[in-house]
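Shown next, in structure tokens, is the structure this report addresses.
The values are calculated or read from the model by the stated rules, or taken from the named source; none is laboratory data. Predicted model only: the values in this text are computed from it and were never measured. Ideal geometry is used to build each Cβ from the backbone, glycine not excepted, and the neighbour counts take in all protein chains shown.
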Amino acid sequence: MHDTERTPLFPRYAMNPNLQIFLNRNTLYHRLPSNMDTRHEEEYKEYYDPPSFPIFSICRPRNRLILTLILGFLLIFILFLILFRGNEEDIRIYTKMEELSTSSETVKIQAQTLAISKSSLKSGMEKYLKSIDPKEPYPDDVNAVKPHHIRVIGAMGDSLTIGSRAQNILDDTRTQYPGNAYFTGMDAEVDGHLTIYNIFRVIAEETGNKLYGGSTGVGYGDNAGFDVAIGGMKSDDILRQAQVLVQKIRAVKEIDVEKDWKLVSLWIGTNDVGDLGYGDRPPIPVDQYKAYIEKGISYLKENLPRTIVTVIAMFPPQLLQEAHSIMTTGHRPDSEERQKQRDELSDGYRNASYKIQNEGKFNDKNFTVVVQPFATEYTDAYVDQQGHYNSAFYAVDLFHLSKLGHAILAKHYWQNLFEPVGEKTKKADLGDTSEHIFELDEVGYSEITVYHILFYSTTPLSKHLETVSNNSDSLQCLSRKNSGLRTSF
């Protein structure tokens, strides 16, 4: 065999005869070329061409089975990844859904509240609203301010003012509910929940004015509006709160700080009385309490002109701090000595507020301080219209106010705002939950009061003093009013 002869890779005897001829075509003994070469090349081309895998070969039965198995496993793997990831991301959502479904009856229970229809509210203010002259000049004296002149509403205090535990749904575990707070709350309108802000909001709507400062939602933050109260705080925090309030008000460009009249509520001291006798937390002394309040008010006077500060006088401890014991056991907690200490501290804080008001150092044409004593003689836990103790006024801890409690407070606070100093209600009928609030007459106040007598009567002041109850705050403030300073609102 010549060197040029190609040695096949497999025995020639196993080949097709025609294939043997094709493979030996280049040997010395190959026949002469003919047209058979072309036919053989086409017929046996696959033996010499590089191996390939045509796309159509996947349709062959064997390949189709393999492909089906591969795709099946791949699909199962992808589904597994999707399901695993979904469970990992949404496990909290699934848990919440399960909790809601298992406690659906509790979730559906809405917290009780007190509301008044807009039509009833407007009806009670009809004379007042009709008496408003749209061309009247905006007042530059606090004594001329009426409800429709108020443009800004704010509040300072502790957990009671920020609406702690005043939830919309029973068993809600969140803490602060400024949207339901008695003074600034505006989550619902007045026909859904009664608050001081909501009443002023109706007046603003009727007169085409804007009102700022309302609080909404849950928790601390921008949603709280101009309610800067913080839970657990005492009187030593009032200066800081005053600074925050001024900063917030000045940050709103639509508010003319120098011109717009503002109404700011202050209620502080409940935590001091509540802490009395517990651990190493002595209460703030009365004189120090007064000094702290004065520092906060001084800051407001210097930085927030045209402001009326309305101070809620301290309630007796039975209404809040001792309510849990009274409602569960029928009597006040602790020893008589401890009860006496709480009473004296509450009285001391209340008298300090009166002194701040009566001394008059914060009163001028652009600023004033007025104390609201509507529950200062309410020496019991909350009693309803039937004369029974009723926990609906309180949150679950029987100390903080419920949503209903905030609405009741707003109802009687509103009345105190328009009663003259010396004639203000001191033992409001908190059990009165009727859909009726203090009505306003043509000049913004109800009925003939000392306010009207002092401004519109020609009878000597000494004659009217005989008709006023003989107590320090009445006499001092009536004398102050005669010199031109405001006694109400």
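Looking only at the range 216-224, decide whether some residue is of a type in the set (S, T, Y), more than 30 Å from R342 (Cβ to Cβ), outside any helix (DSSP H, G or I) and in contact with a strand residue (DSSP E or B) (Cβ under 9 Å, 6 or more places away or on another chain).
First, pick out the residues of the range 216-224 that are of a type in the set (S, T, Y): 216, 220.
Next, from what is left, pick out any that are more than 30 Å from R342 (Cβ to Cβ): 216.
Next, only the ones that are outside any helix (DSSP H, G or I) stay: 216.
Filter once more, keeping what is in contact with a strand residue (DSSP E or B) (Cβ under 9 Å, 6 or more places away or on another chain): 216.
Yes.
For the range 200-209, state whether one or more residues are over 14 Å from the mean Cα position of the chain (by Cα), in the same structural domain as Y349 (by TED's automatic domain parsing) and within 22 Å of D272 (Cα to Cα). Outline the logic, then answer.
At the first step, the residues of the range 200-209 found to be over 14 Å from the mean Cα position of the chain (by Cα) are 200-209.
With the extra rule that they be in the same structural domain as Y349 (by TED's automatic domain parsing), the set shrinks to 200-209.
Among the residues that remain, those that are also within 22 Å of D272 (Cα to Cα) are: none.
No, the range 200-209 has no match at all.
Taking the criterion of being within 18 Å of the chain's Cα centre (by Cα), among the hydrophobic types (A, V, I, L, M, F, W, C) and within 30 Å of T175 (Cα to Cα), would at least one residue in the range 116-133 satisfy it? Break it down into steps so the answer makes sense when it comes.
First, the residues of the range 116-133 that are within 18 Å of the chain's Cα centre (by Cα): none.
No, every residue in the range 116-133 fails to be within 18 Å of the chain's Cα centre (by Cα), among the hydrophobic types (A, V, I, L, M, F, W, C) and within 30 Å of T175 (Cα to Cα).
Kindly indicate the residue of the range 400-444 that is among the aromatic types (F, W, Y) and farther than 18 Å from L160 by Cα and also modelled with the lowest pLDDT among those meeting that condition.
F438
Quick check on this structure: which one of A144, A224, A242 is out of contact with any Pro (no Cβ under 6 Å at 6 or more places or on another chain) and either closer than 30 Å to V396 by Cα or surrounded by fewer than 18 Cβ atoms within 10 Å (Cβ to Cβ) (or both)? Step through it out loud before you land on a result.
On the way: A224 fails: out of contact with any Pro (no Cβ under 6 Å at 6 or more places or on another chain); A242 fails: either closer than 30 Å to V396 by Cα or surrounded by fewer than 18 Cβ atoms within 10 Å (Cβ to Cβ) (or both).
One residue alone meets the criteria, A144.
Specify which of the listed residues (D384, D364) is more than 25 Å from A188 (Cα to Cα) and surrounded by fewer than 17 Cβ atoms within 10 Å (Cβ to Cβ). Explain how you work it out, then say what you get.
Numbers: D384 fails: more than 25 Å from A188 (Cα to Cα).
Criteria check complete, one pass: D364.
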